[in-house]
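See below for the structure under consideration.
Just so you know, all these numbers are worked out from the coordinates, no wet-lab data involved. What you see is a predicted model, and the numbers here were worked out from it, not measured in a lab. Ideal geometry is used to build each Cβ from the backbone, glycine not excepted, and the neighbour counts take in all protein chains shown.
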Amino acid sequence: MVIGITGGSGCGTSSVGKILEEAGWGFIDCDAVYHGLLASDAELKDALVSRFGEGILSPEGLVNRRALGKIVFSSEQALSDLNEITHGRITEKVIELISECEKVDIAIEAVELLESGMKTLCTAVIGVLANRENRINRIMIRDAMSRADAEKRIDAQRSDGYYLSRCDRCVENNGTVEELGEKILSLVKEIDTQRFSSIARNN
């Protein structure tokens with residue numbers, strides 16, 4: 001079973017992935033995949049520099065994700081262009097990682113999972129939601145970011161309604177990690193049970 005995990009920045013998608021990983025699942029963190037591609041894929045770097053300029057590079061010639069983020073989270077067109085450049089490459093790498101994974105159950109965590117088309121790789125997709133204040137605080141702590149920049153990042157992303165209408169299931173993450181763990185483990189068990197019931201009905 002492959003479960004997709006998605007949601008806006010600060011909602012806790014990474015926490016959900018870690019919960020499933022600790023439960024024995026294979027876990028593919030698409031942000032880590034993206035980070036790895038930025039460091040290793042020269043063609044991708046060249047495409048990003050061509051679109052966003054050499055100002056996104058560090059003194060060492062690597063893509064500075066914070067500098068790139070300031071550009072794309074300030075412009076809807078820039079964010080769309082970034083996604084167009086990166087989605088295909090990330091998806092190709094995820095398919096490769098799925099084929100190499102020895103685990104029966106795999107979780108794919110990606111903020112842009114629905115937009116990239118990776119939903120087709122998944123048995124089901126879980127959307128993770130959280131209230132605005134919790135998201136702001138998490139982003140500020142995680143990324144050492146100002147409140148204004150955290151709000152700008154959230155405002156550039158999709159609304160809760162987008163995930164509620166497109167994901168197979170949604171879960172709220174406004175409590176403790178333990179509470180989130182209970183919700184997620186119960187939810188994937190329910191999805192697995194329904195999957196087997198559907199297979200039985202169709203045979």
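Residue under question is Val188, and the condition is that it be touching a Gly at 6+ places or on another chain (Cβ under 7 Å) and among the β-branched types (Val, Ile, Thr); does it hold?
For Val188, the condition - touching a Gly at 6+ places or on another chain (Cβ under 7 Å) and among the β-branched types (Val, Ile, Thr) - is not met.
Against the conditions (1) over 26 Å from Asp46 (Cα atoms); (2) of a type in the set (Ser, Thr, Tyr); (3) within 13 Å of the chain's Cα centre (by Cα), where does Ser116 fall short? Just the number, please.
Looking at each condition in turn, Ser116 falls short on (1).
Here is a check on your reading of the model: is Ile108 touching a Cys at 6+ places or on another chain (Cβ under 9 Å) and farther than 18 Å from Ser40 by Cα?
yes
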